[in-house]
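See structure below.
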Amino acid sequence: MSEHRVVTVKLPEEVYQEMVLRIPEGDRSSWLREAIAEKLQKTPKPDTLLALQGRMAKIEEEFGQIRKYLEDLEILTFQHGKINPHQFGSDEVDHKIIEYLLHYKSATTPELAEYAKTNRWLILNRLQKIEKNSKKQVGKSIIEYYAGERGGKKKAWWLDEELIQE
């Protein structure tokens, strides 16, 4: 067996008293060695975790590329009129934004901020998050920003009605 090292451990009084009751005096050192070794067996090594994280990130990136290629080839398609836009909202503010867009088909950030009774920067961040999440999950965004004039509105967010449930 390898060389032993001395380790000092501070234990709470209750834990120490419990150990004194359960483990005989001559067996405590070996019991503690075994307990530490057992705990180390269950604890993953940091380099293994980093390697797994790296592999997982690579797999996610490759999957995204495959999905993009399939979308480009129009093999992976979405079914028109089958998407529930509320699945991209995470809280009440997101759901208010989606409700407004479902009702009015488009909106500017100040309009949405007034409707949700919050500031327009929060609304802008939420719209961008909804746009990004829907594009990642469906392959096409359910909302889009159009800076020019369209339907009588300038610089507005528009709902893609082809994708929404009817």
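Which Cα, out of Ser2, Tyr16, Tyr145, lies furthest along the positive dipole direction of the chain (beta carbon charges, K/R +1, D/E -1)?
After comparing all options, I get Tyr145.
Filter Lys68/Lys96; Lys68/Lys154; Lys96/Lys136; Lys117/Lys154 down to the pairs with a C-alpha to C-alpha distance above 26 Å, please. Mind showing how you got there, number by number?
Working: Lys68/Lys96 30 Å; Lys68/Lys154 31 Å; Lys96/Lys136 21 Å; Lys117/Lys154 21 Å.
The answer is Lys68/Lys96; Lys68/Lys154.
Cα-based Rg of the range 85-159 per 2.2 N^0.38 Å, rounded to two decimals?
Values: Rg = 11.3 Å, N = 75, 2.2 N^0.38 = 11.3 Å.
For the range 85-159, the normalised Cα radius of gyration is 1.00.
Let me have the relative contact order for the range 121-166, percent, based on Cα pairs under 8 Å that are six or more residues apart.
Details: 42 pairs, mean separation 11.9, N = 46.
It comes to 26 percent, rounded to a whole number.
Once you order the gyration tensor axes a ≥ b ≥ c over the Cα atoms, which shape class does the range 119-166 get: rounded for a/c under 1.5, otherwise prolate or oblate by comparing a/b with b/c? If you can, show how the numbers build up before the last one.
Numbers: a/c = 2.15, a/b = 1.17, b/c = 1.83.
Note, shape of the range 119-166 comes out oblate.
Need the full-extension length gain, Gln87 to Leu11, defined as separation in residues times 0.36 nm minus the C-alpha distance. One decimal, nm.
Numbers: separation 76, 0.36 × 76 = 27.36 nm, distance 4.93 nm.
Length gained between Gln87 and Leu11: 22.4 nm.
Could you sort the peptides 128-136, 95-103 by per-residue average Cβ neighbour count (10 Å cutoff), highest mean leading? Can you show the working numbers first?
Values: 128-136: 15.8, 95-103: 18.2.
Descending packing order for the listed peptides: 95-103, 128-136.
Length gain on complete extension for the stretch Lys39 to Leu21, per 0.36 nm per residue less the alpha carbon to alpha carbon distance?
That works out to 4.3 nm of additional length.
When the expected Rg is taken as 2.2 N^0.38 Å, what fraction or multiple of it is the alpha-carbon Rg of the range 2-64? Please list the in-between numbers first.
Numbers: Rg = 19.5 Å, N = 63, 2.2 N^0.38 = 10.6 Å.
In units of the globular-protein estimate, the range 2-64 measures up at 1.84.
Report, ordered by chain and residue number, the lysines lying within cross-link reach of Lys10, taken as a straight Cα distance under 27 Å and ignoring same-chain residues fewer than 8 apart.
List returned: Lys39, Lys42, Lys45.
Hey, could you grab the Kirkwood Rh for the chain? Inverse mean 1/r over distinct alpha carbon pairs, Å, one decimal.
Details: mean 1/r = 0.0469 Å⁻¹.
In the chain this quantity evaluates to 21.3 Å.
Given a cut-off of under 8 Å on Cα pairs at least six residues apart, what relative contact order in percent is computed for the chain? Write out the running numbers ahead of the final one.
Working: 127 pairs, mean separation 34.6, N = 166.
The normalised contact order for the chain reaches 21 percent.
Quick note: the coordinates plus some simple rules give every number you see, no bench work behind them. Keep in mind it's a predicted model, so treat the numbers as computed, not measured. We place every Cβ from the backbone using ideal geometry, glycine too, and count neighbours over all the protein chains shown.
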